[in-house]
Structure formats: C-alpha cells, structure tokens
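*Asks:* Shown below is the structure under consideration.
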Amino acid sequence: MTSATGQGMSRPSLLDDPALAATLLGEGLPPEAERHLQQAGLSYHLDDIAETHLKEAQALAPDHAAVLIGLYRFYFYKGRLSDALDIAKICLTKAARDNKLPGDWRDTKASDAIFDGYDAMLPRFFLFTLKGYAYLQMRLGNIYEGEAAIMKLLELDPSDKIGAKVLLDVILRLEMDDER
C-alpha cells in the first residue's frame, strides 16, 4: 500500500489484494457492463466521460463488486471522498449480505465468519470494505466513526492481516497532538 498524500496513512482501497479482486470481480459481470468499466479506465483522465461509463456499468450491474469497486476507486482517486464513502456504505451492505452478517457492521462478531482465514474471500471483502470506510470517515473528519470501525476491524481480525493498526496509530497521534 502507498501513503496517502500528506496524511501519513496507508491508503486502503476496497481491494488491496489482486487475488481477492480477481475472484470477486470476474464472475457474473454482464459483457456490456464490463465494456463500460474498460471504457471508464481508458477515459479516466476525462472525468465526465469516465463517470458516465461507470454509471452505465452501475445501471447494468448495480450490485456487482467490480462496478462498485470501480466507482469507489474513481471517486477516491479523484478526491471525491464523500462520493467514495457513499459507495463504501453500499459495499458494506453488500459484503454483510454476501457473508450473511448483521446489517450494521457494529453488530458483527468474530464468530460470524472466517475473518482470520486468508483464503476466505467474502469475509476479507467485508474487512477491506470496512477498512476503506474507516479511512474515509477519518479523512472526512468523522474521527469517532472511523475509530469505531477500526476497533471493530481489530476485533474481527486481531492478527491485523489487513493493517487496521496503521489507521489506529494515526488516531492515537491525533489524540496526542490534541493533548498538547
């Protein structure tokens, strides 16, 4: 992972792991939606055109991980963090549903899924999504919400395979700065 510009935090995407991305993204995507995603990538530098392609892909496959992740990444890297957070929330709902987890991430327990298994793709999608959600909340100034999501991540993934402690360290540094 790379550092977020000027933030000293690792920058989580919804899927940092290419193997996980390939597994989640390839299945069931309509060819026309895939074409729109490809066109969005090719026209990334033309914001309106790229976003139009992403929205077309979303219209064709509104609940497909590839489309949602494409939108998330587009908004994130374009600095449209509120829009990225909206997509992260949709992804959290999808990840919870796909994993048969409670609708509210706060109610998820470590025993609800195989969160510590590296090969358990759907639970890892949930964790990566929650990490992105936490990061965006922090960047948007919602520190308490971000911290709550980080603490849930550490509860679900105590060995910290996805790197939530990096985000917690940032919060701890912020708190130390506030005490000065």
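Here, each number is a calculation from the coordinates, and none is a lab measurement. Note that this is a predicted model, so its numbers are computed, not measured. Quick reminder, even Gly has a Cβ in these numbers, built from the backbone with ideal geometry, and neighbours come from all protein chains shown.
*Asks:* Through the Karplus equation 6.51 cos²θ - 1.76 cosθ + 1.60, θ set to phi - 60°, convert the phi angles of segment 154-166 into ³J(HN,Hα) values in whole Hz; use x for Gly and Pro.
*Replies:* Running phi through 6.51 cos²θ - 1.76 cosθ + 1.60 with θ = phi - 60° gives 5, 5, 6, 10, x, 7, 6, 5, 9, x, 5, 4, 4 Hz.
*Asks:* Would segment 40-112 count as rounded, prolate or oblate if I go by the C-alpha gyration tensor, calling it rounded below 1.5 in a/c and otherwise prolate when a/b exceeds b/c, oblate otherwise? The partial results should precede the final answer.
*Replies:* Numbers: a/c = 3.42, a/b = 2.11, b/c = 1.62.
Because a/c hits 1.5 or more and a/b exceeds b/c, segment 40-112 counts as prolate.
*Asks:* Could you grab the relative contact order for segment 64-137? Cα pairs under 8 Å, six or more apart, rounded to a whole percent.
*Replies:* Relative contact order, segment 64-137: 30 percent.
*Asks:* Largest first and in whole Å, give the semi-axes of segment 80-175's equivalent ellipsoid, each being the square root of 5 times a Cα gyration tensor eigenvalue.
*Replies:* They are 20, 16, 11 Å, listed from largest to smallest.
*Asks:* About the Cα centre, and with charges only on the beta carbon of Lys, Arg (+1) and Asp, Glu (-1), how big is the dipole of segment 80-175? Nearest 20 debye, please.
*Replies:* Approximately 220 debye in magnitude.
*Asks:* Pop a pseudo-label 7 angstrom from the Cα along the beta-carbon direction at both Y144 and R173 and give the gap in nm to one decimal.
*Replies:* Calculated label separation equals 2.4 nm.
*Asks:* Next question, about the same structure. Would you kindly state how much longer the chain becomes between T52 and D160 on full extension, computed as 0.36 nm times their sequence separation minus their alpha carbon distance, in nm to one decimal?
*Replies:* Values: separation 108, 0.36 × 108 = 38.88 nm, distance 3.69 nm.
Residue separation times 0.36 nm, minus the Cα-Cα distance, leaves 35.2 nm.
*Asks:* N142's amide H: which non-local residues (gap 5+, or another chain) put their own amide H closer than 5 Å, with H modeled 1.01 Å from N in plane and none for Pro or chain starts?
*Replies:* For N142, whose amide H was placed from the backbone, there are no distant partners under 5 Å.
*Asks:* Let me ask something else about it. Sticking with the crude label model, points 7 Å out along Cα→Cβ, report the distance from Y77 to R97 in nm, one decimal please.
*Replies:* Distance between label points: 2.7 nm.
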